[in-house]
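**Student:** Okay, handing you the structure first.
Read-outs throughout are calculated quantities, based only on the coordinates presented, and are distinct from any laboratory measurement. None of the values given here were measured: they were computed from a predicted structure. In this analysis, Cβ positions are derived from the backbone assuming ideal geometry, glycine residues included, and neighbour counts consider all displayed protein chains.
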Amino acid sequence: MRRVATIGVYGFTPVAFLAKLADGGVGLLLDLRQRRGVRGPEYAWANSGRLQDALAAADIGYRHVKELAPTTGLRRLQYREDDRQGVGKRDRVALAPAYAELYVREMLDPYDLGALVAGLPDGSATALLCVERDPAACHRSLVADRLRAEHGLPVTHLRPD
């Protein structure tokens, strides 16, 4: 049976991140980031090349799904709301309603999730990756909610301990 997990980068060390994926039975990671990097040395392990190497060593597949990554304009809209609330990206706990609405309309609605689901493995979970620690603060939760609602896929959110 196909199943979905979500995971962020913030709050994890590289070892803990890979362990959480293994504990969650993840066999494929879908990278939903536009720019597949994270600023700062603490999270350099999550930059695309390093992450792909670590996943390959752990026998976890990797795919970049840029079509589900928020555009620069959408990210700027969220950053404006973060500034208004006085929170940083690493401290955000929820998406701005305007961001969520536009993401769904502009990115998620036109995307063929049926084709994506058809290509997911049956014997392991597929993890949706972005950077935010809390899934409710990230667009990956919108994708996961749609996969649950329209395709009946169970969803688990993997968080740092």
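**Student:** Taking neighbour counts of Cβ atoms within 10 Å as a proxy for exposure, in what order, fewest first, do C138, C130 appear?
**Tutor:** Details: C138 27, C130 24.
Arranged by neighbour count, lowest to highest, C138, C130 become C130, C138.
**Student:** How much net charge surrounds S48 when only other residues with a Cβ under 12 Å from its Cβ are counted (Lys, Arg +1; Asp, Glu -1)?
**Tutor:** Cβ neighbours under 12 Å give a net charge of +4.
**Student:** 5 Å is the cut-off here: which amide hydrogens, built 1.01 Å from N in the peptide plane, fall below it relative to L29, excluding neighbours closer than 5 in sequence?
**Tutor:** For L29, whose amide H was placed from the backbone, the distant partners under 5 Å are G61, Y62, R63, A127.
**Student:** Quick one: net charge of R92's neighbours, Cβ under 15 Å, K/R +1, D/E -1?
**Tutor:** Counting the neighbours of R92, the net charge comes to +3.
**Student:** Next question. For the chain, with a Gaussian network of springs between Cα atoms less than 10 Å apart, report the residue from L68, L55, L32 with the top mean-square fluctuation.
**Tutor:** The residue with the greatest mean-square fluctuation here is L55.
**Student:** If you count the DSSP beta bridges with both ends in the chain, what percent of them are antiparallel, to the nearest 5? Don't skip to the answer; put the middle values down first.
**Tutor:** Details: 0 of 18 bridges.
Counting DSSP beta bridges with both partners in the chain, the antiparallel share is about 0 percent.
**Student:** Something else now. Could you calculate, for region 3-158, the ratio of the Cα radius of gyration to the Kirkwood radius, expressed as Rg to Rh?
**Tutor:** Computed over Cα atoms, the ratio is 0.94.
**Student:** Identify which of R105, R33, R146 has the largest mean-square fluctuation in a Gaussian network model of the chain, with springs joining Cα atoms closer than 10 Å.
**Tutor:** R105
**Student:** Something else about it: In a Gaussian network model over the chain where Cα atoms closer than 10 Å are linked, find which of D112, D91, D31 has the largest mean-square fluctuation.
**Tutor:** D112
**Student:** Which net charge results for the neighbourhood of R2, defined as the other residues with beta-carbon distances under 12 angstrom from its beta-carbon, given Lys and Arg at +1 and Asp and Glu at -1?
**Tutor:** Net charge around R2: +1.
**Student:** Let me ask something else about it. Which value in deg cm²/dmol, rounded to the nearest 500, describes the helix-derived mean residue ellipticity at 222 nm for the chain, given -39,500 (n - 2.57) per DSSP H run of n ≥ 4 and division by the residue count?
**Tutor:** -10500 deg cm²/dmol
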